[in-house]
Amino acid sequence: PFKPARRIASLPVPATIAMAERVRQLRAEGRDVISLAIGQPDFPSPAVALEGAVREVREGHTGYPPLAGQKPLREAVQAKFRRDNGLDFPLAHIMVANGGKQLIFNAFMASVEDGDEIVVPAPYWVSYPLIAGMFGGKAVEVPCYEADGFRPRAEALRAAMNERTKWLVLNFPNNPTGAILERSDLEAIAAVLRDFPNVMVMSDEIYEHLTFDGRKPVSLLNVAPDLAGRVLIVNGVSKAYAMTGWRVGFAAGPEPLIKAMIRAQGNATSGICTLAQGGAQAALQSPMEGVERMRAVYQERRDKVVPRLRAMKGLSCAMPEGAFYAFPGMKALKGHLTAGGRTIDSDVAFTEALLEEAHLATVPGSAFGQADHFRLSFAASDKELEEACARLERFTASLR
Ligand code: PLP
């Protein structure tokens, strides 16, 4: 008698997950598939995190934790915002959840009403519109262009806002493009926001430490402290510390919002695993050298992969400034035929053919709200990246 609720029935499986499923199937059939489809660091979690987790058990912290997160972890988060961002938040403005994703879920659950609009620069990480949609919100996409380095134009954001706008989502360094906002971009965006005093801002800074060529990302609150009453910063240990499976994210924002998010969370989960909290705390309190080593490796890989992508037939590729993705354009290949007889009529057809015929998994740009592109992750070993580039070279060269 089960019938999925409307909010689930209309919820698509994210393209990244669908791709991972297909990779599993092909591998089960014995195919040698390389996957650059998911956004997962290929490094082990730091040893200090393991020690932090063990310490929680040894010290007997095995009961239900406080809903907002354990105090020592929230203090470590508070110190992190001071150290890395020059931002001072009282503890009551800080909470912890099962990953950045649950913080986004909490924030939209706590604030979005039917018909509310969420302005999202495109391309975007697919979860913002999907989660907002579960609570009756509607994403309003603002296209960004390769020629602008995939940074949103403030005037385009202004044009997308109205009295129904509840949130503006900013995610820089960006997934999938790796774009970073300059101080001047943020100043222009802040000026727009001052004209829309009811709009909240979600600043997803989960890739903040993974930046290249000496660039340092600036946070909206660094240039516009007057907006502190309506900015929620979302962050976590998944990407910077290679701790995706630990499921720990943290957020800082205005107290009434954080309180409402804690209430939302309290009805979904009775707090975050204490071991994971101990691990995240130890990671945040450790010296930054480990993160710096991983960052440098991502940069080396970017420097190997992007020039090769640019040299391939029919591909263009903006230089990612951060995160660990390349987001090549493939428009020039539309209309071409593959060796297996497929017509490349879209980025979806391109990534399907690439997977089925060349056994390389990537994600179509349309999954991120930007057609004619595809995303590949360079969070993979040099050997895998080398073979992936060779496959992509052969595949694009063979198109007629
Ligand atoms: N934000 C962005 C832009 C992401 O790419 C991801 C993960 O892919 C997340 C948030 C969520 O990460 P987590 O829930 O592991 O903290």
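Starting from the range 354-372, take each residue that is touching a residue at least 24 places away in the same chain (Cβ under 8 Å) and under 26 Å from LEU130 (Cα atoms) and list its partners that are charged (D, E, K, R) and outside any helix (DSSP H, G or I), counting only C-beta distances under 6 angstrom and pairs at least six apart or across chains.
Filtered contacts from the range 354-372: VAL363/ARG375; GLY369/GLU141.
Quick one: in the range 220-260, of everything that is more than 14 Å from the chain's Cα centre (by Cα), within 16 Å of the ligand (Cβ to nearest atom) and assigned to a helix (DSSP H, G or I), which residue is surrounded by the fewest Cβ atoms within 10 Å (Cβ to Cβ)?
Checked the range 220-260; the qualifying residue surrounded by the fewest Cβ atoms within 10 Å (Cβ to Cβ) is GLY245.
Can you run down the residue pairs with Cβ atoms below 6 Å, 6 or more apart or on separate chains, where the first is in the range 199-226 and over 14 Å from GLU321 (Cα atoms) and modelled with pLDDT of 95 or more and the partner is aromatic (Phe, Trp, Tyr) and more than 13 Å from the ligand (Cβ to nearest atom)?
MET200/TRP167; MET202/TRP167
Which of the residues belonging to the range 10-37 are surrounded by fewer than 17 Cβ atoms within 10 Å (Cβ to Cβ) and not in a helix (DSSP H, G or I)?
Matches in the range 10-37: SER10, LEU11, PRO12, VAL13, PRO14, GLU29, GLY30, ARG31, ASP32.
Yes/no matrix, rows are residues, columns are (1) crowded, with 19+ Cβ neighbours inside 10 Å; (2) among the charged types (D, E, K, R):
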| position | (1), (2) |
| --- | --- |
| GLN281 | yes, no |
| GLU289 | no, yes |
| TYR298 | yes, no |
| ARG302 | yes, yes |
| CYS317 | yes, no |
| PHE324 | yes, no |
| THR338 | yes, no |
| SER346 | no, no |
| SER366 | no, no |
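Does any residue in the range 149-173 that is among the polar types (S, T, N, Q) come within less than 8 Å, Cβ to Cβ, of a residue that is part of a helix (DSSP H, G or I) and crowded, with 17+ Cβ neighbours inside 10 Å six or more places away or on a different chain, and which pairs are these?
Pairs found: ASN171/TYR128.
If the Cβ limit is 7 Å and pairs must be 6+ apart or interchain, which residue in the range 77-102 that is in the same structural domain as GLN281 (by TED's automatic domain parsing) pairs with which residue that is hydroxyl-bearing (Ser, Thr, Tyr) and not in a strand (DSSP E or B)?
Correct list of pairs: ASN85/SER219; LEU87/SER219; ASN98/THR269; GLY99/SER238; GLY100/SER238; LYS101/SER127.
Can you name the number of the only condition in (1) surrounded by fewer than 24 Cβ atoms within 10 Å (Cβ to Cβ); (2) touching a helix residue (DSSP H, G or I) at 6+ places or on another chain (Cβ under 9 Å) that PHE374 fails?
Result: PHE374 fails condition (1) only.
Quick check on the range 221-240: of everything there that is touching a Phe, Trp or Tyr at 6+ places or on another chain (Cβ under 9 Å) and not hydrophobic (A, V, I, L, M, F, W, C), which residue is farthest from ILE272 (Cα to Cα)?
Among residues in the range 221-240 that are touching a Phe, Trp or Tyr at 6+ places or on another chain (Cβ under 9 Å) and not hydrophobic (A, V, I, L, M, F, W, C), the one farthest from ILE272 (Cα to Cα) is LYS239.
Looking only at residues in the range 333-358 that are within 23 Å of GLU387 (Cα to Cα) and of a type in the set (S, T, N, Q), which one is farthest from the chain's Cα centre (by Cα)?
If we take residues in the range 333-358 being within 23 Å of GLU387 (Cα to Cα) and of a type in the set (S, T, N, Q), then THR338 is farthest from the chain's Cα centre (by Cα).
The values are calculated or read from the model by the stated rules, or taken from the named source; none is laboratory data. Everything numeric in this text was worked out from a predicted model, so none of it was measured. Heads up, the Cβs are rebuilt from the backbone with ideal geometry, glycines too, and the neighbour counts pull from every protein chain shown.
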